[in-house]
Every structure is written in C-alpha cells, then in structure tokens.
Amino acid sequence: MTTATLNVRRLLCPLPVIRTQDKVKTLQSGDVLTVECTDPGVMQDIPAWCRINGHQVLETRAGQGEYIIVLQVG
C-alpha cells in the first residue's frame, strides 16, 4: 500500500477534483491519498466524486482555512 499527498492549495473548483482524479489514476487499489486544499467546496465535491468512482473517504478535516481529505483508492 502506498501513501501519497496531493497539494492543491490555492486552486479553485473544479481543479482540485481534476487534480485528485489525475493523481488517483497513478495509484493502485488500496493506496491512500491525502489531498490538501484551501477551497471549501472540496468538502462536498471530492467525497461526491469518490462515491461515484468507487473510492472511500477515510477522513476529512477542516481548520485554519485548510481542508484535508484522506481517501482510499477503490
């Protein structure tokens, strides 16, 4: 299992989701990806994208203008 981090700070919708999708394509099933964002919209957009594409959100955190989503590739 690989653990990866994706920095999409300062990017606005839809770029965080697009960059997340591009990164997930390089990973294997079971890998974990931490996405670091500053756009609050990702708290709905990335989990919705995960549901549609068969990935699992393991954790979400928000604070200090930063939003972290940890997902497991399906």
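The values are calculated or read from the model by the stated rules, or taken from the named source; none is laboratory data. Note that the coordinates shown come from a computational prediction; the quantities given were computed from them, not determined experimentally. Backbone-built Cβ (ideal geometry, glycine too); neighbour counts: all protein chains shown.
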Residue check for Ile18: surrounded by fewer than 12 Cβ atoms within 10 Å (Cβ to Cβ), hydrophobic (A, V, I, L, M, F, W, C) and part of a helix (DSSP H, G or I): no
Among the residues of the stretch 49-74, count how many are aliphatic (A, V, I, L, M) and loosely packed, with under 11 Cβ neighbours inside 10 Å. 1
If the requirement is being within 24 Å of Gln64 (Cα to Cα) and aliphatic (A, V, I, L, M), which of these qualifies: Val24, Val8? Val8
Here the qualifying pairs (Cβ atoms under 6 Å; residues six or more apart or on different chains; first in the stretch 43-67 and modelled with pLDDT of 95 or more and among the hydrophobic types (A, V, I, L, M, F, W, C); second surrounded by 11 or more Cβ atoms within 10 Å (Cβ to Cβ) and assigned to a strand (DSSP E or B)) come out as Met43/Tyr67; Ile46/Ile69; Cys50/Val57; Cys50/Leu71; Val57/Leu71; Leu58/Val70; Leu58/Gln72
It is to be established whether one or more residues within the stretch 63-74 are touching an Asp or Glu at 6+ places or on another chain (Cβ under 6 Å) and assigned to a loop (DSSP other than H, G, I, E, B). yes
Subset of the stretch 1-22, residues touching a residue at least 24 places away in the same chain (Cβ under 8 Å) and either touching a Cys at 6+ places or on another chain (Cβ under 8 Å) or not hydrophobic (A, V, I, L, M, F, W, C) (or both), comes to Thr2, Thr3, Thr5, Asn7, Val8, Arg9, Arg10, Leu11, Pro14, Pro16, Thr20, Gln21
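Those residues that are outside any loop (DSSP other than H, G, I, E, B) and loosely packed, with under 15 Cβ neighbours inside 10 Å, I need them from the stretch 29-48; list them, please. Break it down stepwise before answering.
Filtering the stretch 29-48 down to residues outside any loop (DSSP other than H, G, I, E, B) leaves 32-37, 42-48.
Across the stretch 29-48, the qualifying residues are Gln44, Ala48.
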